[in-house]
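Below is one structure, written out as C-alpha cells; the observations come after it.
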Amino acid sequence: MYATLTKRQPELGDNFEISFTIDSQVQMIDLENERANLLSFLRKELNNYGISLTIKVTQHEESGTQYLSGKDRFLQMADKNEHLHTLKNNLGLDIEY
C-alpha cells in the first residue's frame with residue numbers, strides 16, 4: 001500500500017476530488033479494499049467531508065515488463081512444464097488469485 005500511494009503525487013481536482021494514478025489491477029484491488037479507511041482518515045484529519053477518491057490505472061507502453069497474477073504465472077510456467085499440474089494436484093495446492 002505504501003508503494004502504491006507514494007509512487008506518484010495524488011492530484012487534487014474540482015470539488016476536493018483526489019485522484020490516484022496506479023500501475024496495475026492488483027494495486028487497484030488493494031486500494032479499493034482500503035478506500036473507506038483512507039477516505040475516513042482524510043476527511044477527519046482535513047476536516048473536509050466533501051473529499052472523494054478517484055483511481056486511475058495507467059496504460060503502459062510495451063516496456064518488456066509484464067505484471068502477472070499468481071494464477072497467470074503458474075499457468076505460464078505450467079505451459080513450459082506440464083509436471084507442475086501434477087505437483088500442484090499431489091500436494092493439494094491452490095492457486096492464489
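Descriptive notes on the structure:
- Residue count, segment 67-97 (criterion: closer than 26 Å to M28 by Cα and part of a helix (DSSP H, G or I)): 8
- One residue from N33, N15 being free of Cβ contacts under 8 Å to residues at least 24 places away in the same chain and not hydrophobic (A, V, I, L, M, F, W, C): N33
- Considering segment 1-55, the residues that are of a type in the set (D, E) and outside any loop (DSSP other than H, G, I, E, B) include one that is surrounded by the fewest Cβ atoms within 10 Å (Cβ to Cβ), namely D14.
- Entry remark, segment 47-87: residues being among the hydroxyl-bearing types (S, T, Y), touching a helix residue (DSSP H, G or I) at 6+ places or on another chain (Cβ under 8 Å) and modelled with pLDDT under 90 number 2 in total.
- Taking the listed residues L31, L5, the one that is touching a strand residue (DSSP E or B) at 6+ places or on another chain (Cβ under 6 Å), on the phi < 0 side of the Ramachandran plot and hydrophobic (A, V, I, L, M, F, W, C) is L31, with no other qualifying.
The values are calculated or read from the model by the stated rules, or taken from the named source; none is laboratory data. These figures come from a predicted structure and were not determined experimentally. Positions of Cβ are backbone-derived with ideal geometry, glycine not excepted, and every protein chain shown enters the neighbour counts.
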